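Only one structure is covered here, and it is reproduced in the block below.
Taken together, the values in this text are just the output of simple stated rules run on the coordinates, not laboratory data. As the structure is a computational prediction, the values presented were derived from the model and not from experiment. Cβ: placed from backbone, ideal geometry, glycine included. Neighbour counts: every protein chain shown.
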Amino acid sequence: MSPDLIAGLTAACQPQVLMFLVTGVVLGAIFGALPGLTATMGVAVLTPLTFWLSAEQGLAMLLGIYSGALPAGGIPAILINVPGTPASIATAWDGYPMAQRGRAGQALGINALMSGGGQLMSILFLSIAAFPLATFALSFGPAEYFGLALFGLSLMAGVSGKHVLKGLLAGTLGLALATVGLDPMTAYPRFTFGISDFLDGVSFIPVMIGLFGFTEVLIQIADRHDVHEKPAIGALGSVFPSRAQWKKMLPHTALGAVIGTVVGVIPAAGGDIGSVVAWEQSRRVSREKQSFGKGSIEGLAASCTAANAAIGGAMTTMLTLGIPGDAVSAILIGALLIHGIQPGPLLFQGNQSFVFTLVFLMAFAAVIGMLLGLIGARPLAKVLRIPGPWLWVAITLFGIIGSYALNNAVVDVWAMFVAGIVGFLLRRAQVPLGPLVLGLILGPIMEANLRRALVLSRGDWAGTLSRPIVLFFFVATALSLLAPLFKELRAKRRQA
């Protein structure tokens with residue numbers, strides 16, 4: 001065993017680190033079990049609380065929230081047909097029919113087991129693929145990073161769903177926010193309006209807390225009269241599948257793990273897309289297609305596995321390339337930077353032991369989350385009955401404290417409130433928030449690297465943009481932008 005591997009395992013097994021990891025998994029389970037309180041919101045709201053911890057302790061808590069929220073999101077999806085997280089949408093399609101037929105315990109057991117299995121399989125991919133991918137990324141210069149960031153921005157169309165134009169407008173707003181502050185090359189103030197607090201740009205963490213925390217509070221307050229009475233939760237029954245059911249589910253579990261990991265690697269995709277794609281592909285290869293959507297254990301296993309396998313894929317992209325694989329990994333980039341750690345290929349050269357620590361922490365979190373899902377299904381189900389106003393107050397309070405603690409600046413608190421109000425208005429207008437986050441994260445990377453590349457090439461645009469890797473990203477960008485158009489044309493032809 002290499003010294004870095006041993007050092008990483010030793011750091012991950014420290015009692016305090018494990019304590020924060022368990023705390024994070026429990027908190028993540030609570031956030032996931034409450035409809036509307038997503039993993040993204042949990043990580044965004046609680047990230048500022050890790051500023052006073054060491055890097056290992058802080059990341060252990062945040063990774064625990066990430067790993068614990070996604071499996072717990074399947075609990076309300078199964079019991080009351082309301083996904084706790086976006087990644088649990090497909091879980092409700094077969095989980096809720098199982099619960100209606102008196103098999104709620106079995107559905108919860110499959111959700112816990114397959115969620116943990118999906119995470120472990122994707123973490124195995126991370127441990128195998130991350131180092132070769134980081135080595136390849138070392139050949140990247142400013143021009144290649146510009147191409148990569150441009151490709152990431154092109155995915156705004158893909159994450160906009162049916163509202164492509166609205167998504168592009170939201171992404172443009174994110175790019176505009178990214179230009180606030182000092183010019184990356186000349187240090188000239190831009191769009192600061194004479195406010196010194198904006199010289200470093202718009203703080204990322206308060207904006208994320210506002211978009212995914214305070215916005216959800218405003219949405220739930222506005223829709224409070226539409227909330228129906230929560231049903232009583234009866235006996236759950238046995239949670240373990242039989243041997244015959246295991247044999248039936250395993251091929252679909254493997255399929256879900258592969259699809260979830262691959263989709264997770266794609267920037268701005270995520271578990272929600274992976275779970276839906278895996279459920280559809282599982283239905284296509286199944287011999288019992290008619291049972292899907294009516295309580296199929298095959299469909300449930302595939303969707304749960306894929307939703308959680310996206311974690312390892314997203315973390316692979318984030319750690320090796322510094323590009324967020326999903327909204328949670330975008331927030332984790334901010335958390336790493338706050339602790340003085342720059343994600344990217346150089347992380348795998350100068351701090352390999354820390355990478356191994358993260359891998360072990362993710363594996364431990366997956367196991368803890370699996371056990372928590374098996375023995376804590378009923379307590380987590382009762383969390384669904386916590387009164388909404390208590391949660392709204394708690395989330396808002398955490399958001400204010402976390403935003404102020406970032407720089408001890410009141411302007412960050414105002415940024416959180418403004419972002420929350422803007423996010424509320426965008427949600428009401430059915431404008432997706434994912435492209436805005438992409439623009440805010442990738443805008444500075446794209447601008448700074450393009451200008452560095454032009455400086456190095458003395459303004460030679462043709463030489464800068466014709467490099468092989470850059471051309472590859474240009475082709476991928478074009479395909480990403482044209483894919484929704486081709487999809488729409490194909491749909492019109494089928495209708496005709």
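Scan the chain and note any complete DSSP helix (H) whose C-alpha atoms cover at least 20 Å along its axis and whose Kyte-Doolittle average is -1.0 or more.
Sorted by number, the helices that extend far enough and score high enough are 15-33, 55-80, 104-137, 164-178, 243-265, 271-285, 297-321, 352-375, 388-407, 410-428, 434-456, 468-495.
So for each of 120-129, 326-335, 436-445, 279-288 I average, over its residues, the number of other beta carbons within 10 Å; can you give me the resulting order with the highest mean first?
By packing density, highest mean first, the sequence is 326-335, 436-445, 120-129, 279-288.
Taking the Cα centre of the stretch 3-495 as the origin and placing charges on Cβ (Lys, Arg +1; Asp, Glu -1), which of 242, 169, 479 is farthest toward the positive end of the dipole?
After comparing all options, I get 242.
Between the stretch 350-379 and the stretch 2-70, what's the alpha-carbon centroid distance in Å?
Result: 8 Å between the Cα centres.
Want the number for residue 478 to residue 129: 0.36 nm per residue separation, take away the alpha-carbon distance, what's left?
Full-extension gain reported as 123.0 nm.
Does the stretch 1-142 classify as rounded, prolate or oblate by the C-alpha gyration tensor (a ≥ b ≥ c root eigenvalues; a/c under 1.5 gives rounded; else a/b over b/c gives prolate, otherwise oblate)?
In terms of gyration-tensor shape, prolate.
Counting only residues 5 or more places away or on other chains, whose amide H sits under 5 Å from the amide H of residue 190 once H atoms are built in the peptide plane?
181, 182, 183
Would you give the gap between the C-alpha center of the stretch 164-212 and the C-alpha center of the stretch 288-347, rounded to a whole Å?
About 26 Å separates the Cα centre of the stretch 164-212 from the one of the stretch 288-347.
Could you tell me which of rounded, prolate or oblate describes the stretch 273-398, using a ≥ b ≥ c as the square roots of the eigenvalues of the alpha-carbon gyration tensor, with rounded for a/c under 1.5 and, failing that, prolate when a/b is larger than b/c and oblate otherwise?
Oblate, because a/c is 1.5 or more while a/b does not exceed b/c.
Can you give me the distance in nm between label points at residue 244 and residue 199, each placed 7 Å from the Cα along the Cα-to-Cβ direction?
The two pseudo-label positions are separated by 7.3 nm.
Under the definition of Cα pairs under 8 Å and six or more residues apart, what whole-number percent is the relative contact order of the stretch 3-495?
Across the stretch 3-495, relative contact order equals 29 percent.
Around residue 11, with a cut-off of 13 angstrom between Cβ atoms, what is the net charge of the other residues, counting Lys and Arg +1 and Asp and Glu -1?
-2
Within the stretch 432-462, whose backbone N sits under 13 Å from a point 7 Å along Cα→Cβ of residue 186?
Correct set: none at all.
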